[in-house]
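K.L.:
Encoded as structure tokens, here's the structure I'll be asking about.
Laboratory data are not the source of any read-out in this text; all were calculated from the coordinates shown. Please read these numbers as outputs of a predicted model, since none were measured by experiment. Virtual Cβ from ideal backbone geometry, glycine too; neighbours counted across all protein chains shown.
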């Protein structure tokens with residue numbers, strides 16, 4: 001099964017529009033670093049607890065040696081935070097795919113040949129996987145566009161046409 005490492009921004013966006021449950025029904029192995037969970041505000045973190053408890057997403061903690069490796073990644077990549085580097089570390093360690101909307105993290109992941117996708121890929125996968133119908137994907141994408149002005153508008157419009 002394909003392993004997906006989730007950055008905070010993807011989880012937060014999915015929580016805001018009520019798509020976290022369908023997302024975790026996809027046929028992937030989902031992981032989140034404990035440092036990423038710490039980045040997510042308290043109310044949202046509580047919503048994630050049921051998915052963690054049900055085993056739909058695995059919380060990854062790190063040993064002291066792993067924390068040192070993560071810190072080295074941060075030194076090599078000063079534009080990234082420690083939680084960002086924990087995502088990179090997990091992807092490298094487990095040959096995983098990274099899910100992020102962070103441009104700097106995406107750039108570094110691509111330089112390291114780590115497969116990386118964003119929130120629009122998540123929508124595509126939920127529709128293709130049959131966990132939400134295209135009409136609902138369009139409705140939720142419109143909601144997200146209103147909340148997140150940094151989304152690529154042309155790609156969003158392309159999907160809205162495909163989902164209608």
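K.L.:
Rounded if a/c is under 1.5, else prolate if a/b beats b/c, else oblate: with a ≥ b ≥ c from the C-alpha gyration tensor eigenvalues square-rooted, which is the range 54-151?
P.N.:
Verdict is prolate for the range 54-151.
K.L.:
Give me the distance in nm between label points sitting 7 Å out from Cα along the Cα-to-Cβ direction at residue 79 and residue 124, one decimal.
P.N.:
2.3 nm
K.L.:
Continuing with this model, one more query. Can you tell me the length gained on complete extension of the stretch residue 59 to residue 71, counting 0.36 nm per residue apart and subtracting the Cα distance?
P.N.:
Fully extending the segment from residue 59 to residue 71 adds 2.4 nm.
K.L.:
Peptides 108-120, 66-78: what's the order by average Cβ count within 10 Å, highest mean first?
P.N.:
Sorting 108-120, 66-78 by mean packing, highest first, produces 108-120, 66-78.
K.L.:
Translational diffusion coefficient of the range 3-119 at 20 °C, 1.002 mPa s, Stokes-Einstein with Kirkwood Rh over Cα pairs, in µm²/s as a whole number.
P.N.:
It comes out at roughly 151 µm²/s.
K.L.:
Figure the gain on full extension for residue 111 and residue 143 (residue separation times 0.36 nm, minus the Cα-Cα span) and round it to one decimal in nm.
P.N.:
Gain on stretching residue 111 to residue 143: 8.3 nm.
K.L.:
Measure nothing but the geometry: give the 0 to 90° angle between the long axis through the Cα atoms of 153-163 and the longest principal axis through the Cα atoms of the chain, rounded to 10°.
P.N.:
Helix 153-163 sits roughly 50 degrees off the main axis of the chain.
K.L.:
Still on this model: Report, in deg cm²/dmol and to the nearest 500, the calculated mean residue ellipticity at 222 nm for the chain, where each DSSP H run with n ≥ 4 adds -39500 (n - 2.57) and the sum is divided by the residue count.
P.N.:
It comes out at -18500 deg cm²/dmol, rounded to the nearest 500.
K.L.:
On a 0 to 90° scale, report how tilted helix 64-76 is relative to the longest principal axis of the chain, with both axes built from alpha carbons and the result rounded to the nearest 10.
P.N.:
70 degrees
K.L.:
Right, next: Quick one: order 105, 98 by neighbouring beta-carbon count within 10 Å, fewest to most.
P.N.:
The fewest-first ordering by Cβ neighbours comes to 105, 98.
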